[in-house]
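Data first, discussion second: the structure below is written as structure tokens.
The values are calculated or read from the model by the stated rules, or taken from the named source; none is laboratory data. If you're wondering where the values come from, they're calculated on a predicted model, not measured in any experiment. FYI the Cβ positions are ideal-geometry reconstructions off the backbone, even for glycines, and counts take in every protein chain you see. The protein model used for the area step is the full one, side chains on, heavy atoms only, and it has no ligands, DNA or RNA in it. Shrake-Rupley method; radii C 1.70, N 1.55, O 1.52, S 1.80 Å.
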Amino acid sequence: MTAERPPAAEGIPSSLPRPHRALGLALGLLIFILAAFSAYRLSERVAIDRMRQAASHQLDVLAAAIDSEVTRHASIPAAIQLNQEVLALLRSPPEQRAAAQPAANRFLQQLNDNLGGPAIFVLDTRGRVLASSDWIFSDNLLGVDLAYMPFFQAAVRGTPARHYAIDPVRREPGYYFALPIRDEQRGWAVIGVAVVKSGIRELERRWLAQEAPAVIVDNNGIVLLASPPEWRYASLQPLPGESLVGLSREQFGGQAVGRQSLDIALDGADAGIVVRLPKHLREDVAPLPGGKPYLALSRNLPETAWRIVIFADLRPVAVQAGTHAALTLAALGCLLLGALYFKQRSRLADSREEARRLLERSHQELERKVEERTHDLSNAVTSLQREVSERQRAEQTLRAAQDELVQAAKLAVVGQMATGITHELSQPLGAIRTLSENAAEFMRRGDAETAARNLAIVGQLTEQMGGIISPLKSFARKSPARPAAVDIGHAIDAALFLFDQRLKKAAVTVNREFGPKSAIAWCDQNRLQQVQVNLIGNALDAMAGQPVRQLGFTVTARDGGGIALAVSDSGEGFSDEALAHLFEPFFTTKQPGEGLGLGLTISRDILRDFGGDLLAGPAPGGGARFVILLPEPPSESRS
Ligand code: ADP
């Protein structure tokens with residue numbers, strides 16, 4: 001039997017072919033990466049724009065603060081050069097200056113008091129402070145040489161100057177405005193320099209108070225104010241040592257500057273640029289640790305030549321952009337999952353529909369096959385019925401033929417016996433004839449008594465003749481086989497009776513041995529008699545030329561039920577060839593006309609019909625031995 005393969009599910013593509021799938025995966029991955037990247041960049045740009053706006057606004061505020069704090073005194077030096085006391089002091093020869101100084105000092109003090117500034121002073125053309133608003137303090141500036149200050153050097157050459165500086169006396173930072181004082185009487189020659197110092201303490205306080213990281217750098221790139229304060233006096237770019245020394249001396253009252261560099265270039269920072277502060281800057285300096293990216297936005301303050309730079313930490317932007325990219329990915333993932341879900345659903349629906357169709361198709365196929373098989377089966381049943389009835393008919397024919405054969409065999413036996421019977425009947429017949437003639441004579445003589453006696457003897461003789469004929473008649477009768485409980489002894493007697501003449505003539509000794517149990521078997525009396533007649537006839541034939549003629553009947557009960565009847569003779573026995581073919585139809589060793597070779601075949605068929613059998617073998621004394629096996633009667637027939 002070959003195993004049937006399930007039919008391939010047609011029309012349900014389980015998946016895309018492998019190369020297409022790989023391509024689809026790569027494309028999907030690319031889309032994901034692009035989407036995440038775009039989301040990241042968009043979020044970053046928006047956040048940076050927002051940051052730039054906020055920083056720009058902050059720059060405005062800071063610029064306004066610086067303007068108000070630092071440049072509000074810018075016009076004061078112009079007023080000083082108009083003051084007569086100051087002019088008198090500057091015009092007077094050196095030895096008379098001491099006399100003119102107090103008036104100028106007072107004027108400057110009053111002016112300063114009105115302005116609320118830290119200091120106003122006047123320098124001679126050599127750079128020494130001749131008069132100062134702080135003259136009343138012990139640590140005043142009077143006599144101090146400020147010739148090295150850039151603002152002085154510019155002003156004494158006739159150019160107004162302004163810049164950040166630290167004074168050498170109090171070491172206070174400030175913003176200095178310097179203006180040359182010209183004398184009309186000397187043909188507008190520069191006779192001194194008027195200087196106003198703007199304090200930046202307030203600015204410094206406000207600067208440090210604000211949260212946003214920011215620095216103010218001067219035109220040399222030195223950080224003047226910083227939040228975080230650690231960066232004060234650092235330089236934007238590394239500067240050569242000698243210029244740093246010069247700057248320190250001239251502008252910063254010896255304060256070391258440019259020791260550390262922020263190492264950033266601010267080109268284009270007006271519009272905002274991304275800078276990365278160097279790693280070597282201290283990591284723990286809040287809020288601007290080194291090594292991180294920042295958005296730097298700067299603005300030039302034309303009034304002061306300063307530049308404000310604001311830094312905004314870009315890390316939250318990166319985190320936010322990363323979050324947005326992740327959210328985009330998640331949204332895309334959800335979309336993809338959703339799409340997959342719907343695709344899967346539709347595919348499932350498709351495959352369910354396909355499965356339903358397949359089921360329907362196979363159902364139809366099954367129905368068709370069942371119909372076909374049913375048709376075949378009913379055909380087979382019809383032909384079987386036909387065959388059965390043919391067989392029955394054949395069996396009937398066979399049985400009829402068998403009956404005919406049995407009958408023919410019987411008639412053959414009867415024919416064989418005809419001589420003996422004739423002989424048997426001729427004696428009483430002759431006696432009857434004589435007795436009846438005598439009876440007629442006695443009647444004629446009037447001796448009715450003797451005539452009657454003779455007739456009575458005739459009657460007895462006819463009865464005797466009937467006794468001879470009647471078993472023969474019942475044997476020769478054509479009767480259907482009907483099983484019944486049969487007494488084996490009676491059957492043997494009936495058969496022997498038929499051979500009475502032959503047995504006597506051949507002087508055969510008949511031995512009968514019966515077991516203790518009653519020998520009753522399940523068979524047809526007439527048929528069993530037929531079998532025994534066959535066996536006895538054959539035995540008599542076999543013993544014909546033998547000196548000792550003995551016929552034995554032994555009946556024994558079989559272990560499993562039923563009886564075994566052995567018929568043995570002292571005949572010539574079987575040759576090996578005869579023993580091999582005994583039961584074959586038409587096997588005979590007898591002369592033509594003496595035997596047909598059907599007796600044993602018919603006998604065995606008869607016994608087998610009743611559930612018995614016929615076996616053949618040599619007899620212990622040398623002759624032949626046949627054993628008839630028959631079943632016992634069924635239990636219901638015995639009760
Ligand atoms: P038939 O008697 O017409 O030959 P059977 O079928 O009765 O046919 O017997 C077949 C043969 O079996 C006989 O020809 C004979 O050779 C052999 N046979 C039968 N019975 C005996 C017997 N008792 N002893 C020896 N041979 C026998």
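If you plug each phi of segment 65-82 into the Karplus form 6.51 cos²θ - 1.76 cosθ + 1.60 with θ = phi - 60°, what whole-Hz ³J(HN,Hα) values come out, in order, with x for Gly and Pro?
Couplings: 5, 5, 4, 5, 7, 9, 9, 5, 9, 4, 8, 5, x, 5, 6, 5, 5, 8 Hz.
Mind ranking 104-111, 585-592 by how tightly packed they are, going by the mean number of other C-beta atoms within 10 angstrom, highest first?
The most tightly packed comes first, giving 104-111, 585-592.
Can you run phi through the Karplus equation (6.51, -1.76, 1.60; θ = phi - 60°) for segment 30-42 and list ³J(HN,Hα) in whole Hz, with x for Gly and Pro?
Rounded to whole hertz, the list is 4, 4, 4, 5, 4, 5, 5, 5, 4, 4, 4, 5, 5.
Expressed as a whole percentage, what fraction of the accessible surface of segment 321-451 belongs to carbon and sulfur atoms when a 1.4 Å probe is rolled over the protein heavy atoms?
Here carbon and sulfur together make up 61 percent of the probe-accessible area.
Would you grab the residues whose amide H sits under 5 Å from the one on Gly253? Only those 5+ places off in sequence or on another chain, please, with H modelled 1.01 Å from N.
Ile166
Tilt of helix 525-542 relative to the longest C-alpha principal axis of the chain, in degrees (0 to 90, nearest 10)?
70
Please list the non-local residues whose amide H lies under 5 Å from the amide H of Val144, H modeled 1.01 Å from N, same-chain partners needing a gap of 5 or more.
For Val144, whose amide H was placed from the backbone, the distant partners under 5 Å are Val129.
So how do 364-376, 313-325 stack up, highest first, on mean other-Cβ count within 10 Å?
Ranking the peptides 364-376, 313-325 by packing returns 313-325, 364-376.
Measure nothing fancy, just the Cα-based angle from helix 97-115's long axis to the longest principal axis of the chain, in degrees from 0 to 90, nearest 10.
40
Please list the non-local residues whose amide H lies under 5 Å from the amide H of Leu551, H modeled 1.01 Å from N, same-chain partners needing a gap of 5 or more.
Close amide H contacts, sequence-distant or interchain: Thr509, Val510, Asn511.
Over what distance in Å are the Cα centres of segment 44-118 and segment 242-271 separated?
That distance is 23 Å.
What list of ³J(HN,Hα) values in whole Hz, one per residue of segment 574-591 in order, does the Karplus curve 6.51 cos²θ - 1.76 cosθ + 1.60 (θ = phi - 60°) give from phi, with Gly and Pro shown as x?
9, 7, 4, 5, 4, 4, 6, 10, 3, 8, 7, x, 6, 8, 8, 10, 8, 5
Listed highest first by mean packing, meaning other Cβ atoms within 10 Å per residue, what order do 332-338, 617-623 come in?
Per-residue mean Cβ counts within 10 Å order the peptides as 617-623, 332-338.
Antiparallel as a % of all DSSP beta bridges within the chain, to the nearest 5?
Values: 70 of 77 bridges.
Here the share of antiparallel DSSP bridges comes out near 90 percent.
Working only with C-alpha atoms, what are the Rg and Dmax values of segment 134-271, expressed in angstrom?
Gyration radius and largest Cα-Cα distance of segment 134-271: 17.0, 54 Å.
What list of whole percents do you get for P(r) of segment 505-591, with Cα-Cα distances grouped in 10 Å bins up to the one holding the largest distance?
Values per bin, smallest distances first: 14, 40, 36, 10, 0.
Using only the alpha carbons, work out the radius of gyration and Dmax of the chain in angstrom.
77.9, 242
Please work out, to two decimal places, the log10 of the ratio I(q)/I(0) at q = 0.14 Å⁻¹ from a Debye calculation in which every Cα of segment 337-381 carries one identical scatterer.
Treating every Cα as an identical point scatterer, log10 I(q)/I(0) equals -0.52.
Looking at the P(r) of segment 62-133, how many percent of alpha-carbon pairs lie beyond 15 Å?
55
Lysine pairs in the chain 8 or more apart or on different chains: how many have alpha carbons under 22 angstrom apart?
Count of close lysine pairs: 8.
Using only alpha carbons, build the gyration tensor for segment 443-506 and give me the equivalent ellipsoid semi-axes, biggest first, whole Å. Show your work: numbers first, answer last.
On the way: eigenvalues 276, 47, 21 Å².
Computed over segment 443-506, the values are 37, 15, 10 Å.
Apply the Debye scattering formula to segment 582-633, with a single equal point scatterer on each alpha-carbon and no solvent, then give log10 I(q)/I(0) at q = 0.18 Å⁻¹.
Computed log10 I(q)/I(0) values: -0.67.
At q = 0.17, 0.25, 0.26 Å⁻¹, work out log10 I(q)/I(0) for segment 537-628 with the Debye formula, treating every Cα as an identical point scatterer and leaving solvent out; two decimals please.
The Debye formula, applied to the Cα set alone, gives -0.77, -1.41, -1.46.
Could you give me D for segment 507-554, from Stokes-Einstein at 4 °C and 1.567 mPa s, where the hydrodynamic radius is the Kirkwood radius over C-alpha pairs? Units µm² s⁻¹, please.
104
Rg(Cα) of segment 396-525 divided by 2.2 N^0.38 Å?
1.45
Which FRET efficiency value, to the nearest 0.05, is calculated for Asp609 and Leu377 with the Förster distance at 41 angstrom and r the Cβ-Cβ distance?
0.75
What is the sum of charges around Glu242, taking Lys and Arg as +1, Asp and Glu as -1, for the other residues whose C-beta is under 14 Å from the C-beta of Glu242?
The answer is 0.
Hey, if you put +1 on the Cβ of every Lys and Arg and -1 on every Asp and Glu Cβ in the chain, which of Leu615, Thr304, Leu384 ends up farthest toward the positive end of that dipole?
The listed residue farthest towards the positive side: Thr304.
Considering every Cα-Cα pair within segment 395-434, what fraction, in whole percent, is farther apart than 17 Å?
Roughly 53 percent, rounded to a whole number.
From Cα pairs below 8 angstrom and at least 6 apart in sequence, can you work out the relative contact order of the chain, rounded to a whole percent?
8
Using just the Cα positions, wrap segment 137-187 in a convex hull and report its mean projected area in square nanometres, one decimal place. The partial results should precede the final answer.
Working: hull surface 17.4 nm².
Quarter of the Cα hull surface area: 4.4 nm².
List, largest first, the extents of the alpha carbons of segment 207-258 along their principal axes, each in whole Å.
Answer, in whole Å and largest first: 35, 21, 17 Å.
Along each of its three principal axes, how wide is the spread of alpha-carbon positions in segment 284-437, in whole angstrom units, largest first?
Projected onto its principal axes, the Cα set of segment 284-437 covers 197, 36, 18 Å.
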